[in-house]
Structure formats: C-alpha cells, structure tokens
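K.L.:
My structure is below; once you've seen it, I'll send some questions.
The values are calculated or read from the model by the stated rules, or taken from the named source; none is laboratory data. Remember, predicted model here, so these are calculated numbers, not experimental data. Cβ sites come from the backbone with ideal geometry, for glycine too, and all protein chains shown count toward neighbours. Surface accessibility is based on the protein's heavy atoms, side chains included, excluding ligands, DNA and RNA. Shrake-Rupley method; radii C 1.70, N 1.55, O 1.52, S 1.80 Å.
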Amino acid sequence: MRLENENILLTKARDGNIQAFEELTGSFYSRVYNICCRMLNNPEDAGEQAQEVFIKAFRYIKAFKGNCSVSTWLYRIATNVCLDYLRKNKNRKDISLEQNVYDDIKVKDMLISSSPGPEKLAELNAQRKAINDALSAMGEKSRLIIILRDFNGFSYDEIAEITQAPVGTVKSRISRARAELRDLLCEDKEHLFTDYVK
Amino acid sequence: MNFCKECDEYISLYIDELLDEKTAEEFLNHAEQCSQCSAKLKAALYFAGLCREEEEVPLPGDFSEALHNRLEKLNDNRDISKRKHLFFIKNQKIIAGFSAAAVLVISLLAYNLLPDLGIMKKAYNTASTASDAEAAQSVETKKSEDTGNIGNNSNSSEVESGIKQNKDSGSTLMQDKESVQQSSGAAPDSNSTKRAFGEILPPEKKQSNDEEANLKTRKYQEKADAGADTAVNSSEPEDEAGAFSLTAGMAADSGTHISNFAELKVKLSQQGKELEAYRRLIKEIGAVELNNAGSNSAAVNQIEGADRLNNSGSSEEKAQPEYIDCYMTLSQYSRLKNQASKYNLEFGYKTDIIEKDISDIYNNLNNRKIEINNKITEASENGEDTSAYETEEAGLNEAMEKISDRKEIVVVRMYFGLS
C-alpha cells in the first residue's frame, strides 16, 4: 500500500507536481539536514545544502529509475552534495555546532564529575564538541562513514547502497574511521572521557 | 585468529554485532587478557555510544517553506525554458529551411554564372592563342613547300585575317563548339567544361584540347575567307586527319591565281616585224603563247574569225596587239633573253620577275576553253570535224595546268610599242 502510494507520488512528481514531491520526500528533510550538519559542521551551510539536495532531486527525478528506495536515493544525493561542497570549500572554517546548538559553555580541561546536573550537561557538551572537532579533523570519507553508521544508524547494506561501495569496503572503512576517531579523541581529550577508563 | 593484529576490525564488528557468537566469545576472552585490545574495545564502544546518543539537530523552521518556494521557482523556469525551447525549435526549422534554400539558390547561381565569367573566356583565349600559333605555323610550312611562290601575300593575308577574325569572335567559337562537335559526332567535351571552371589539365589533355581548338580555328578561318567556295562545308563531317588542312594552294580553287610574272617591251620599228620575230623566238624556246590561241591552229583562225577572244587588248586579229602573254619555264625565260639578239629584238624591262595575280589570264583561258568545248559539242552534233578544236582545247588545258602548277613557270607579257 505504502509502496503503491509512493509510486503514485513518484509519477506525479516526475510530471512536475511539487506537492507530490514534497509529500514523497518531506519525511526525509530532517535526516538530510542532519547529515549535512554533521558533514559541514555549519548550520547555515547545512541548511542551504540540504535544500540544494531536494532541488536536485526534483530536477532529476525523471532520471530516478526506482532501483533503490527514495530515501537511499536522497541520502546519496546528500552525501554527494556535501562532499562536493567540502571539496570546493576546503579552507572554510567550520563553525562549531556547539555555538548554535549547545549552551555557550566552553569546557576545556574540566574535571570529571560523576554527579548529574548542569555539570554533567557541561561535560556532555564538552564531549560533543570534542567529537565534532574530531570529525572535522577526519577525512571526508571517514567522517561520512561515521556519520552514516554511528550518528544515523544506517546498516552496512544501506551504507553500501548510499555510497555505492561494496559491503566489505564499508566494513573496513567503518573500522578505520572508528579507530581514527578514537585516536583523535584519546590524544588530547582523554581526560574528557575518563568514564570508560574507569 | 590474530586478534591483536586485527583488533580494530574485530572491535568494529563486535560493536555492530556482526561477529558470530563463537568468534565474539573468543575475542572477549582475548580482550580480557590483552590490555591494549581491552582499552581499544572500551573506547570504541564508548564513542560509538556517544555518537548514537547524539540527538538530531532540529530542522530550521523555515526550511520547508523556503524549499517550497524554490521548487515553485524551478517549475516556472522549466515552463519558460520549454516555451523557449519550442520557440527555438520552430524557428530552427524555419531558419534551417531558409538556410537550405539560400544554399540551393547560391549553388544554382554559381553554376549558371561561372560559364559566363572570365574563367571560361580566359581558358578559351589560352586555347585560341595556342591554335593561332599552330595555324600560323602551318601556313608558314605550306609557304615553304611552294618554292616558286615568293611572298604569298594575298593568301596568307587572308589566313591572317581569318585568324584575327577568329580571335575577335572568341565567344562565338565557344557557342558554336557544340555544333562542331555534333557535326563531327564527337562526345560531349568534358574537358571544355573543366576548362570553364579553370581546372588545370594535364599536358596530354591540354594537347588534345589545343588540337581541337586548332580544328575549330581552321574551320572559322575558312569561313572568314571571302568567296571561299571550297571552304569547309559545315554539313560535311570533319576529318581531323586533314580534310581542313590549310594550304596556300587552295587559292587554286578560290579563283585567284598567283604566278611568276615578268613584263618586257619591244620597240617597234617602221617595218613592224618585231611581233613576228618574237613569235618565232617563242616557238624556238618552246614557250606557249597564251592570249593568241589562233597561233596554234590555222583552222581555228578560220572558224573563229574576228570574234576570237584574246586578252591582247585588241579585238582584231590583224591589228598590232599591244602585248602578248606567254608562259614559259624559268630556263626558257633565260633563253628568251639570250636569243633575243638572234631575232634582232631588243628587250626592255618593265618589271622583273614578280609574283602577280594572273587570274584574269587564267580566267580568259578558261573561258576560251569553255567556248571550245561548246564548239566541239556543236560540231559533233553537226557531224563536223572537231580535231582542230580538240587540239586547241588540249593546248588550253596544258596552259591552265602549267599556270595552276606554277612551279618554275613565268608568265611573260611582251609589250609592243613605238617607244
């Protein structure tokens, strides 16, 4: 039923029906936006590029052959848009998500505290910032794989479809990316992540 | 299994629960014993957990509206593009049609115009120049063959005028090209077409084209000759071998006769016997008197009486003629001068040997011959003796033949006068 509905919307969208297109793709707005946020580490750029993803999708929807799900197709466009943007804007400084998303509390060498509350929140904020910084320091493809697997929970097969890579390649990329992230976080920020140490 | 060496892979697979139960248990047992693998495993599990716990970043409030507006704009632009595209396609067809028509018109014009341009005329002039040179050369060749003819001016002048006329009527020649080809049964001349477009022909083709041009040149030369009775009849098929070879000897058929000619004079004494003496001298050297046919046959004198024609300038036989024409060879001419004293004759020279048109002498002989023929016919019908007429006719034929041949022949006009 859902599939039939999707096919109908797809047909209408191919004919230029905006409403049908929005209905078809609207449920994926947030996820696409988040992928862009994590990849670009800049909310403004993420918003523009996320719209660009759907504009492109609407423009080239007639070329969509239906050999994968609409979501996979959209995520694929999103990853490509982000990668293209990053390549064109390599020198651009990332604006930490923390400034817009999290509280404006910069935590650097905070002591680890087990008590919950604001201190815990600050600790988490610091950790998130550290992770985002680490992601920014990683390579584009490693970053992408972490975002798709650990941030968005895509399966290996889905990641393989999105990135158009074999599953084996996806496995090795994930393991390397996680190792890289770990090394980056444990280098100077080990003290922020003492819970696991304990 | 070397868990230490491939620790990261096993950790990643363990985190994502992709290890089978047995492998997972073995790896955990190894991690408990290996501090490095244990630390890595713990760190990886923690960080992966942190990432998964990350909340989604909320979508900007105006995201949907902004996107919708952009989609609308995109749709509008698409419609405009479609209309422009269709408009262009329609115009493109029209433009393509006009372009094709223009190309066709230009091609047709170029095809029609090119033969009228200087290219064809230039090619023709080049060919006619070559043909003129050849025709002039053939004239010179024929002149050299006629050793007795010095300065065959009138005939060559006719040829030259024909050549000149041919040059001036260049376009006429090309227009009549087809008629010539048709009369000769020649195939359409593609070489001429190529010449029209200024193509450079290989030497062998050029030579053949020149020969063809020479052929046409000769034909028009003959047409240009005044009173050219035996000029090429255009209805006659052309013989490229030489039916139209241009020779000065054709003058024989054209009514003009050129011969060596000399004028002498003899002063008459009171006795007036010089004429008789001269005739005896002519007889001795073997020359032949032309204007007094009666000198060869007494019977003819009797028959013809006073109506005998001669070109002596006197209509009466017994009256002293102003002059007598004889033809003789050059050697006989020399003897005539040498033997003059033997007959008490003193020759004066009005002219030395020159080339002169003696057509009047020849025509008089011819007219006389026609008369003799008529008389022979009449006498035969009447049953009369025709031997005398036949003898005279033979003499006339011989004289006319000599004149036509004119090799080593001199026509001598002897004047008889008191001074």
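K.L.:
Give me the number: length gained by fully extending residue B:398 to residue B:93, i.e. 0.36 nm times residue separation minus the C-alpha to C-alpha distance, one decimal in nm. Each step should come with its number before you reach the end.
P.N.:
Values: separation 305, 0.36 × 305 = 109.80 nm, distance 8.93 nm.
Length gained, residue B:398 through residue B:93: 100.9 nm.
K.L.:
Label-point separation (nm) for residue B:55 and residue B:18, each offset 7 Å from Cα along Cα-to-Cβ?
P.N.:
According to this spin-label approximation, the distance is 3.1 nm.
K.L.:
Nearest 100 Å² is fine: how much accessible area is buried between B and A, summed over both sides, with a 1.4 Å probe? Each step should come with its number before you reach the end.
P.N.:
Values: alone 26600 and 11670 Å², together 34600 Å².
The buried area between B and A, both sides summed, comes to about 3700 Å².
K.L.:
Checking the table A:171/B:22; B:337/B:402; B:273/B:342 against a 18 Å threshold on Cα-Cα, which pairs fail?
P.N.:
Working: A:171/B:22 20 Å; B:337/B:402 21 Å; B:273/B:342 14 Å.
The answer is A:171/B:22; B:337/B:402.
K.L.:
Given R₀ = 35 Å, what would the calculated FRET efficiency be for residue B:337 paired with residue B:385, taking r from the Cβ atoms and rounding to 0.05?
P.N.:
For R0 = 35 Å, the calculated efficiency reads 0.30.
K.L.:
Still on this model: Using each residue's phi in region B:274-286, evaluate 6.51 cos²θ - 1.76 cosθ + 1.60 at θ = phi - 60° and report the 3J(HN,Hα) Karplus result to the nearest Hz, with x for Gly and Pro.
P.N.:
Taking θ as phi minus 60°, the curve returns 5, 5, 5, 5, 4, 5, 5, 5, 4, 5, 5, 7, x Hz for region B:274-286.
K.L.:
Across bins of 10 angstrom width beginning at 0, how are the C-alpha pair distances of region B:3-52 distributed, in whole percent?
P.N.:
For region B:3-52, the binned pair fractions read 28, 59, 13 percent.
K.L.:
Quick one: if the Förster radius is 30 Å, what FRET efficiency do residue B:83 and residue A:89 give, using the C-beta to C-beta distance and rounding to 0.05? Write down the numbers at each step before the final one.
P.N.:
Working: r = 36 Å, r/R0 = 1.21.
So the FRET efficiency works out to roughly 0.25.
K.L.:
Another question, if that's okay. In nm, to one decimal, how far is the modelled label at residue A:187 from the one at residue B:349, with both set 7 Å along Cα→Cβ?
P.N.:
13.5
K.L.:
Related question: Name the long-range amide H neighbours of residue B:354: under 5 Å, sequence gap of 5 or more, or other chain; modelled H, no Pro or chain starts.
P.N.:
Here the answer is B:261, B:262, since their amide H atoms fall under 5 Å of that of residue B:354.
K.L.:
Then there's this: If you plug each phi of region A:68-85 into the Karplus form 6.51 cos²θ - 1.76 cosθ + 1.60 with θ = phi - 60°, what whole-Hz ³J(HN,Hα) values come out, in order, with x for Gly and Pro?
P.N.:
Result, rounded to whole Hz: 9, 6, 4, 4, 4, 4, 5, 5, 5, 4, 4, 4, 5, 4, 5, 5, 4, 5.
K.L.:
Starting at the first residue of region B:64-70, write each ³J(HN,Hα) from the Karplus equation 6.51 cos²θ - 1.76 cosθ + 1.60 with θ = phi - 60°, in whole Hz, x for Gly and Pro.
P.N.:
Running phi through 6.51 cos²θ - 1.76 cosθ + 1.60 with θ = phi - 60° gives 5, 5, 4, 5, 4, 4, 5 Hz.
K.L.:
Can you give me the % of accessible surface on region B:3-52 that is carbon or sulfur? Probe 1.4 Å, all protein chains present, nothing else counted. List each step's numbers first, then the result.
P.N.:
On the way: 1310 of 2830 Å².
Ligands and nucleic acids excluded, carbon and sulfur reach 46 percent.
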